[in-house]
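Only one structure is covered here, and it is reproduced in the block below.
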Amino acid sequence: MTQTATLVYVHDPMCSWCWAFAPTFWQLSDQLPAAVSVRRLLGGLAADSDQPMPRDMRDYLQATWQRIAEQVPGTRFNADFWHNCEPRRSTWPACRAVIAVRRMDARLEEDMITAIQQAYYLQARNPSNTETLVELAIELGLDGDRFARLLDDQDTRGELSRERQQAHALGADSFPSLRLLIGTSAWQVPVDYSGTASMLDTMNSLLDMR
């Protein structure tokens, strides 16, 4: 009998490689064996900071965007972000925004992730800024004042800390990462940006082994 399992997806909504992987991950989620459920964990790339992003980091990320666009066909970026916004190396606010939306309406978690990614990569809006995150929540039909309160409260901060610790315990310190949990064991599923076949093969083999 095939065992039940959980596919853990470790990500950050402001991770450019996660943006590139998003369409394939949606396909993968739709194609999973019936025995496999999905759980997302927020890995949190960069802590809160009010300091402008250093020039070398700006150059590195712009080069990363260009490399991703070349390596993952169909992935688009809007370079106006680097001219219209003041970038900060700070992704934890966006991670907390996903948790805040989950607390308000768990059905909108994926929608918020997508909204943050589209704001950052396509619309030249800065999800490191609280006002941007509140705008996105309102655009999803949520109460902006309540969202703003949840964004930085102790429960939301505590949940992000727990998820980061869980990701670290799984050895998922780069994003995106996939782990298949079967019983008490966690198995790495190599991320494939080009399609779902290799990831499904890995999972089916692991399920058949157990």
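No lab work stands behind these numbers, since they all come straight from the coordinates. Everything numeric here is computed off the predicted structure, so don't read it as measured data. Here the Cβ is made from the backbone with ideal geometry for all residues, glycine too, and neighbour counts use every protein chain on show.
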Computed over the range 32-74, the Cα gyration tensor eigenvalues, each multiplied by 5 and square-rooted, give semi-axes in Å (largest first) of 31, 20, 5
At q = 0.09, 0.18 Å⁻¹, the log10 of I(q)/I(0) for the chain from a Debye sum over equal Cα scatterers comes to -0.36, -1.33
Summing +1 per Lys or Arg and -1 per Asp or Glu among the other residues with Cβ less than 9 Å from T6's Cβ gives +2
In whole angstrom, the spacing between the Cα centers of the range 87-128 and the range 164-178 equals 19
By the rule of another cysteine's Cβ lying under 4.7 Å, the cysteines of the chain that fail to get a partner are C85, C95
Extension length gain for E139 and A124 (0.36 nm per residue less Cα distance), in nm, is 3.8 nm
Interchain or sequence-distant (5+) residues whose placed amide H lies within less than 5 Å of the amide H of R40 are Y9
Quotient of Cα radius of gyration and Kirkwood radius for the range 1-56, i.e. Rg/Rh, equals 1.15
Ranked output for segments 150-156, 20-26, 110-116, 54-60 by mean other Cβ atoms within 10 Å, highest leading, reads 110-116, 20-26, 150-156, 54-60
So, over other residues within a Cβ distance under 15 Å of D153, counting Lys, Arg +1 and Asp, Glu -1, the net charge is +1
Length-normalised contact order of the chain, Cα under 8 Å, at least 6 apart, in percent, tallies to 31
Output for the range 47-101 (equivalent-ellipsoid semi-axes, sqrt of 5λ from the C-alpha gyration tensor, Å, descending) is 22, 17, 10
Residues meeting the amide H criterion for D48 (H placed from the backbone, H to H distance under 5 Å, 5 or more places apart or on another chain) are W92
Highest mean packing first, using Cβ neighbours within 10 angstrom, the peptides 81-92, 64-75 sort as 81-92, 64-75
